[in-house]
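None of the figures in this text is laboratory data; all of them are computed from the coordinates on show. All values derive from a computational prediction rather than experimental measurement.
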Amino acid sequence: MKGALFGGAVPGAITGFWQQHLRAPLGNVFWAGTETSDYWAGYMEGAVRSGLRAAREVLETR
């Protein structure tokens, strides 16, 4: 078997509805990744922005 599995969503599905649920903290776990970004979701810029957002959330809970 070669290749890899990839699941994709229709445009707007993640940013329109699921995004708020994808990035909601779960106890002490804070989620970050391009899929959770407000801007540039799906790109490296979005991943960096979401990492900064998650870091701010962690610091705010201390």
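Structure notes:
- Extension gain, Trp31 back to Met44 (0.36 nm per residue minus Cα-Cα distance, nm): 3.1 nm
- Region 13-60 shape via C-alpha gyration tensor axes, a/c threshold 1.5: oblate
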